[in-house]
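K.L.:
Following this message is one structure expressed as structure tokens.
The values are calculated or read from the model by the stated rules, or taken from the named source; none is laboratory data. Nothing here was measured: the structure is a model prediction, and the numbers come from that model. Backbone-built Cβ (ideal geometry, glycine too); neighbour counts: all protein chains shown. For accessibility, only protein heavy atoms count, side chains too; no ligands or nucleic acids. Shrake-Rupley method; radii C 1.70, N 1.55, O 1.52, S 1.80 Å.
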Amino acid sequence: MNIVITGTAQGIGLALAEKFLREGHRVFGFDIRESPITHPQFRHIRQDIRAESFPPLPEPEILINNAGTLEERDAIDVNLTATIRFTEHFLDSAALRSVLFIASASARNGAEFPMYVASKAGIVGYMKNLALSAAKRGITCNSISPGGVVTPANRHILEDERLYAAVKAETLLGKWAEAEEIADLAYYLTVVNRSITGEDILIDNGEMLKSNFIW
């Protein structure tokens, strides 16, 4: 199948691309950075998703919106507005069978910077709206909301023993997820799944559930 994934140069996006390549699919990756992937079934498009136009591609069967920024000044523009526009660019694909968004646990608990939180909450809302309209074509549409993930974007925490111990202590399982775990779930939701749609799947090691009961 033809798979379009944004933000494939590192972290979750890189893990996504590698997962689909291992499974024998053809991947078209978008990123503003160079890609470390060298694979005959991978085509890297070095481009900002905020662009006004995109190169012609074979009709995608799966679209995964992963690209995003932590920068507050760009969060709404990149994480929400550009992601919606990028998605709608490929919605006319007659082959499209699944759309997936990488959102964030912060869309539920609000525990990050304001514009970032708003952008990810907006993506979850848009995902549900798209699920309603795409259902008549048999297209599934879901999002994954990761909590803490071991990626280069979180290096400042991972390399600080005090900070990393503090964030792990906020989870029930005492750890963060690996990017490959997000990729495995993404593969299930887009390739295997036929009946889950309009859902935001939380993968946060129990951080959202953790509470200290005081009596």
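K.L.:
Name the shape class, rounded, prolate or oblate, that the alpha-carbon gyration tensor gives for region 50-139, where a ≥ b ≥ c are the square roots of its eigenvalues, rounded holds for a/c under 1.5, and otherwise prolate holds if a/b is larger than b/c and oblate otherwise. List each step's numbers first, then the result.
P.N.:
Numbers: a/c = 2.73, a/b = 1.55, b/c = 1.76.
Because a/c hits 1.5 or more and a/b fails to exceed b/c, region 50-139 counts as oblate.
K.L.:
Can you send over the carbon and sulfur percentage of the accessible area for region 163-215, probe radius 1.4 Å, protein chains only?
P.N.:
Carbon and sulfur atoms account for 60 percent of the accessible area of region 163-215.
K.L.:
Return the whole-Å distance between the Cα centroid of region 176-213 and the Cα centroid of region 33-47.
P.N.:
Taking the Cα centre of each part, region 176-213 and region 33-47 sit 26 Å apart.
K.L.:
Same structure, new question: Please state the Cα pair-distance histogram of region 118-163 with 10 angstrom bins from zero: what percent is in each bin?
P.N.:
Final binned percentages: 22, 32, 24, 16, 6, 0.
K.L.:
Leaving out ligands, DNA and RNA, what percent of the accessible area of region 14-146 is carbon and sulfur, probe 1.4 Å?
P.N.:
Carbon-and-sulfur percentage of accessible area, whole number: 52.
K.L.:
Sticking with this structure for a sec: Among 39-52, 18-31, 159-172, 123-136, what's the highest-first ranking by average C-beta atoms within 10 angstrom per residue?
P.N.:
18-31, 123-136, 39-52, 159-172
K.L.:
Please compute the contact order of the chain in relative form: average sequence separation of alpha-carbon pairs under 8 Å and at least six residues apart, divided by the residue count, as a percent.
P.N.:
20 percent.
K.L.:
If one computes P(r) from the Cα atoms of region 1-104, what percent of pairs lie at distances over 15 Å?
P.N.:
58 percent
K.L.:
Give or take rounding to whole Å, what are the principal axis extents of the alpha carbon atoms in region 1-44, in descending order?
P.N.:
24, 16, 16
K.L.:
I need the fraction of alpha carbon pairs in the chain separated by more than 29 Å, rounded to a whole percent.
P.N.:
Working: 5012 of 23005 pairs.
Above the 29 Å cut-off, the chain has 22 percent of its Cα pairs.
K.L.:
Also, quick follow-up: Provide the per residue accessible area, probe 1.4 Å, for the chain, rounded to a whole number of square angstrom.
P.N.:
On a per-residue basis, the chain sits at 50 Å².
K.L.:
Please work out the ratio of the alpha-carbon Rg of region 103-215 to 2.2 N^0.38 Å and round it to two decimals.
P.N.:
The reported ratio for this selection is 1.19.
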